[in-house]
Amino acid sequence: MLDFATPLGRVLKAALDLAAEKPWGEVTLSDIAVRAGTTLAEMREHCTGKTDLLAKLLRAVDDEVLRTAPRPADGVSRRDALFEVIMARFDLLQPFKPALRSIHASGAADFTLAAPYLASQHWMLQAAGIGTDGLAGGARVAGLALAYAQAYRTWLADDDPGLGKTMASLDRLLRRGESALKGLETAGTTLGRMARTAAQMAKGAARAAQSARKTDTSPPPPEPPAAAPEPGKP
């Protein structure tokens, strides 16, 4: 359960309630403040606007998933562990689906949500025991961001209490992403080995050339003899 008892929590709850009642684009900050029983001046201490509220909501959902998600069991594949984490997230969001539909229908997300959204994917991967360091980790975060966005759209339209369509879509997306990532990691390993080999060969050639210059003590070749003057010329 999300914590709506804090001042920020009450603002988030008010925003979600209003979004479920009318289009998100029509909800104003003043509306949210009134519903939360606070003032705009007080609410400004917790957010800078509606987009910032969505970022705060994203963070609150992350915190609850991380707090309740069990450690991946031994022998469970990384893909299956990630599947469980994402489905736990959808279960947590289920009571707020009408509000989230309204927010999603309001149009493309503000660009400033990109950073918190990617951070959310980073933490979901970590919850599944999947590393996010280095180039491979960055590829995992980007790949999950795309997969989650597609699965989220399916979840919004899935009215089955068992979320059968959502689970099928998420499983398919994660399998596809896992296959693509393995290809990238294999290519990256091959290119890395080729680069290291080329660098070693270049260093070897440079050392050999330097050694040859140091050991070359042979005298310079003699100058060719002066040509004899042709008859009639000095």
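The values are calculated or read from the model by the stated rules, or taken from the named source; none is laboratory data. All figures in this text were calculated on a predicted structure; none of them were measured in a lab. Heads up, the Cβs are rebuilt from the backbone with ideal geometry, glycines too, and the neighbour counts pull from every protein chain shown. For the accessible areas, the whole protein counts, side chains as well, though only heavy atoms, and no ligand, DNA or RNA atoms are used. Shrake-Rupley method; radii C 1.70, N 1.55, O 1.52, S 1.80 Å.
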Practice problem: Of the conditions (1) outside any loop (DSSP other than H, G, I, E, B); (2) among the β-branched types (Val, Ile, Thr); (3) open to solvent by 60 Å² or more (accessible area, probe 1.4 Å), residue 76 clears all except one; give me its number. | Solution: (1)
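Select from the range 15-30 the residues that are hydrophobic (A, V, I, L, M, F, W, C) and open to solvent by 40 Å² or more (accessible area, probe 1.4 Å) and write down the one among them that is farthest from residue 100 (Cα to Cα). Quick ask: steps written out before the conclusion?
Filtering the range 15-30 for residues hydrophobic (A, V, I, L, M, F, W, C) gives 15-16, 18-20, 24, 27, 29.
After this cut, where a residue has to be open to solvent by 40 Å² or more (accessible area, probe 1.4 Å) as well, the list is 20, 29.
Details: 20: 8, 29: 17 Å.
So, considering only residues that are hydrophobic (A, V, I, L, M, F, W, C) and open to solvent by 40 Å² or more (accessible area, probe 1.4 Å), the one farthest from residue 100 (Cα to Cα) is 29.
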Quiz item: Would you pick out the residues in the range 127-146 that are small (Gly, Ala, Ser), in contact with a Lys or Arg (Cβ under 8 Å, 6 or more places away or on another chain) and open to solvent by less than 20 Å² (accessible area, probe 1.4 Å)?
Solution: 128
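Scan 2, 12, 58 and give me the residue that is within 30 Å of residue 82 (Cα to Cα) and surrounded by 18 or more Cβ atoms within 10 Å (Cβ to Cβ).
Numbers: 2 fails: surrounded by 18 or more Cβ atoms within 10 Å (Cβ to Cβ); 58 fails: surrounded by 18 or more Cβ atoms within 10 Å (Cβ to Cβ).
Criteria check complete, one pass: 12.
Which of the residues belonging to the range 1-30 are assigned to a loop (DSSP other than H, G, I, E, B) and closer than 19 Å to residue 58 by Cα? Walk me through how you get there before you give the answer.
So in the range 1-30, the residues assigned to a loop (DSSP other than H, G, I, E, B) come out as 1-6, 22-23, 27-28.
Answer for the range 1-30, where residues must be assigned to a loop (DSSP other than H, G, I, E, B) and closer than 19 Å to residue 58 by Cα: 1, 2, 3, 4, 5, 6, 27.
Condition check ((1) surrounded by 18 or more Cβ atoms within 10 Å (Cβ to Cβ); (2) modelled with pLDDT of 95 or more; (3) under 19 Å from residue 79 (Cβ atoms)) across all residues:
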residue	(1), (2), (3)
94	no, yes, no
98	no, yes, no
103	yes, yes, no
125	yes, yes, yes
152	yes, yes, yes
168	no, yes, yes
Practice problem: Restrict the check to the range 31-54 and report whether at least one residue is modelled with pLDDT of 95 or more, closer than 26 Å to residue 154 by Cα, open to solvent by less than 20 Å² (accessible area, probe 1.4 Å) and part of a helix (DSSP H, G or I). | Solution: yes
Quiz item: Any residue in the range 127-140 that is part of a helix (DSSP H, G or I), closer than 18 Å to residue 86 by Cα and touching a Ser or Thr at 6+ places or on another chain (Cβ under 9 Å)?
Solution: yes
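Tally up the residues in the range 105-118 that are in a helix (DSSP H, G or I), open to solvent by less than 80 Å² (accessible area, probe 1.4 Å) and either among the acidic types (Asp, Glu) or touching a residue at least 12 places away in the same chain (Cβ under 8 Å) (or both), please. Before you say what the answer is, go through the steps one by one.
Of all residues in the range 105-118, those in a helix (DSSP H, G or I) come to 105, 111-118.
Next cut, open to solvent by less than 80 Å² (accessible area, probe 1.4 Å) only: 113-118.
Applying the additional criterion that residues be either among the acidic types (Asp, Glu) or touching a residue at least 12 places away in the same chain (Cβ under 8 Å) (or both) yields 113, 116-118.
Result for the range 105-118: 4.
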